[in-house]
Every structure is written in C-alpha cells, then in structure tokens.
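Everything below concerns the one structure shown next.
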Amino acid sequence: MKVVVALKRVIDYNVKIRVKTDGTGVETANVKMSMNPFDEIALEEAVRLKEAGIVSEVIAVTLGTQACQDVLRTALAVGADRVVLIETDVELQPLAVATCLKAFVQKEQPRLVLLGKQAIDDDANQTGQMLAALLGWAQATNAFKLEIAGDHATVTREIDGGLETLEASLPVIVTADLRLNTPRYATLPNIMKAKKKTIESLLPADLGVDPSPRLKTLLVSDPPVRKPGIVVNSVTELVEKLRNEARVI
Ligand code: AMP
C-alpha cells in the first residue's frame, strides 16, 4: 500500500520571527527555512511503516515555490521513495492546500495520508481535517501512536486527562503529534544520494485546482512588549510585593 506524506517548508523553529515593518506579514528573506517539525514526525512514521513491511511506497508532497525542493531532498535522504513539488507562488491557505492534496490523493490512490498536526508558521491546524472532509475519509488527528493491521488503523491520541484510542477503516488521514516518534537525522551518504534523485513537478492547474487565497491578511503585529521583571533583595520584600503589588493579568 502507498502512503502520501504532506510536508510544509516553514521558518526554522530556532529562528526568532521578525514582523515586517509594514505589518503585511513576517520576514522570510534570508531566513533559515526547514521542514515543519510535525511533518518530520509524519515522514518518520511513514518510513518506519515501510521498514516494517506494511507500506510499499512513501510519496512525499510539498506545495510551494521552487525553494521547497530542499525539503523534498531531505525527505529523499530520510527514506521517501518519490517526492513531488506542486509548484505555485501564491500565498497558500489551508483550504487551497487541502484541495490540491485531495486531487493529488485521487491521482496516487494511497490508503494512508500522513500530515503534521499543524504547521508552526500559521498554527492553522486545519489542513488534515479539511482533506479528510473533502475526500470523505476517516481522520484521526494528533496521533501519539499508530498501528496498521489489515484494513484497519488504530490510533492513540493524547487528550485532556488521558489517552483515547480510535479504530478506523482504511483509507484514513492521520495527523502526527509530537510524541508519535523521534525523527531520524539524514545521514551524509543519503544526503549525497538524494541530490541525484528526481523531484517530480506538477502545477495546481494540472490537478484542476485554483489555489488563490480566500482570506486577506489585514495586519500582522508583534505581541505587546512585557515589562521587565525585578530582583528583590529579601524574602520579606518579596512577601510585601506579593501582598501589595502583585495582581493577576
Ligand atoms: P496547517 O493546517 O497549516 O497547520 O498544516 C497542517 C499540516 O498540513 C502540515 O503539518 C503539513 O503536513 C500539511 N501542509 C500544510 N501546508 C502545506 C504545504 N504548503 N505543502 C505540503 N503540506 C502542507
């Protein structure tokens, strides 16, 4: 069985985000970009399923500009069999991504689609859910554990106060949470081999999709600056401040 994994290229999680001075978005020029961390986990899970003999082919897909090729090369180095760039330079919103992924899934016919639970740039947490709805497939979000046996997937999710275990018939959409696994690093020989492999390319129009945004960003602004803390000289002073000055904000 085939598995499709959706990978988004985002600002690296170690980078301090800077808002553009005109408030139209965040600065991405000359900023380190990487694979969305939850997508690394989704990819690792797909590769492990292949290593376990449950999956026959891992197909990684990214929507975005030519620059996204670096993420796809990483996916090849980690163990994806095929990688596909759906190339567009329009601002991508979750519904557009889900609509393109739906058409891609219908073309490739996987039994499992893995996504990250959310992209760390816009924190939308919508694409997997929208894709499941558009395809009419079952979905299990925020997976902590995934088991595939025969025609069923069993997914454990961390919820408030415990774990929830769900069973779904394939095909299914699963979104990866932080504790699903620890992604491997790409080894240098595999990075070198990945450089020679092919990146397949499609346009949204090839899939019959118009990815134009439906929402307009009016303003992006920094969070309010917090007042600096103070150092007190004694426990007595601390208690006095807690009693007379501290308040809940
Ligand atoms: P979001 O709904 O934007 O938080 O994204 C959730 C997940 O959808 C991500 O973790 C990715 O797996 C997938 N995704 C979102 N945007 C893209 C994209 N441009 N290309 C490929 N996958 C994406």
| If you take the residues in the stretch 59-114 that are more than 30 Å from Asp151 (Cβ to Cβ) and of a type in the set (Val, Ile, Thr), which one is farthest from the ligand (Cβ to nearest atom)? | Thr74
| Residue that is surrounded by the most Cβ atoms within 10 Å (Cβ to Cβ) [pool: residues in the stretch 40-66 that are more than 17 Å from the chain's Cα centre (by Cα) and of a type in the set (Gly, Ala, Ser)] | Ser56
| request: Determine the pairs where a residue that is over 12 Å from Leu92 (Cβ atoms) and in contact (Cβ under 8 Å) with a residue 40 or more places away in the chain, located within the stretch 198-221, has a partner that is among the small types (Gly, Ala, Ser) and open to solvent by less than 70 Å² (accessible area, probe 1.4 Å) with Cβ atoms under 7 Å apart, the partner being 6 or more residues away or on another chain. | output: Leu207/Ala103; Gly208/Ala103; Thr217/Gly25; Leu219/Gly23; Val220/Gly23; Val220/Gly25; Ser221/Gly23
| note | Taking the stretch 110-127 and keeping only residues that are within 15 Å of the chain's Cα centre (by Cα) and touching a residue at least 60 places away in the same chain (Cβ under 8 Å), one is left with Val113, Leu114, Leu115, Gly116, Lys117, Gln118, Ala119, Ile120, Asp121, Thr127
| message | Condition check: open to solvent by 20 Å² or more (accessible area, probe 1.4 Å), within 10 Å of the ligand (Cβ to nearest atom) and under 30 Å from Gly150 (Cα atoms). Does Lys2 satisfy that? | response | no
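Does Lys117 satisfy being away from the ligand (no atom under 16 Å from the Cβ) and either surrounded by 15 or more Cβ atoms within 10 Å (Cβ to Cβ) or not hydroxyl-bearing (Ser, Thr, Tyr) (or both)?
Criteria not met by Lys117.
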| said: Cβ-Cβ under 9 Å, sequence separation 6+ or interchain: first residue in the stretch 70-93 and within 23 Å of Thr217 (Cα to Cα) and open to solvent by 50 Å² or more (accessible area, probe 1.4 Å), partner hydrophobic (A, V, I, L, M, F, W, C) and outside any helix (DSSP H, G or I). Which pairs? | reply: Glu87/Leu63; Glu87/Leu202; Glu87/Leu203
| said: For the stretch 32-39, check the following and say yes or no: at least one residue is part of a loop (DSSP other than H, G, I, E, B), more than 21 Å from Arg82 (Cα to Cα) and either of a type in the set (Gly, Ala, Ser) or open to solvent by 60 Å² or more (accessible area, probe 1.4 Å) (or both). | reply: yes
| query | How many residues are of a type in the set (Lys, Arg) and closer than 16 Å to Val71 by Cβ when one looks only at the stretch 195-216? | reply | 2
| remark: Among the residues of the stretch 94-114, the number that are open to solvent by less than 50 Å² (accessible area, probe 1.4 Å), farther than 14 Å from Leu203 by Cα and not acidic (Asp, Glu) is 7
| request: Would you kindly identify the strands (runs of 3 or more DSSP E) lying entirely within the stretch 135-249 that contain at least 1 residues that are of a type in the set (Ser, Thr, Tyr) and open to solvent by 80 Å² or more (accessible area, probe 1.4 Å)? | output: 162-169
| message | With the requirement that a residue be within 14 Å of Thr99 (Cα to Cα) and either open to solvent by less than 70 Å² (accessible area, probe 1.4 Å) or more than 8 Å from the ligand (Cβ to nearest atom) (or both), what does the stretch 120-134 give you? | response | Thr127, Gly128, Gln129, Met130, Leu131, Ala132, Ala133, Leu134
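The values are calculated or read from the model by the stated rules, or taken from the named source; none is laboratory data. Because the structure is predicted, anything quoted here is derived from the model rather than measured. Note that each Cβ is placed from the backbone with ideal geometry, even for glycine, and that neighbours are counted across all protein chains shown. Accessible surface areas use protein heavy atoms only, side chains included; no ligands, DNA or RNA. Shrake-Rupley method; radii C 1.70, N 1.55, O 1.52, S 1.80 Å.
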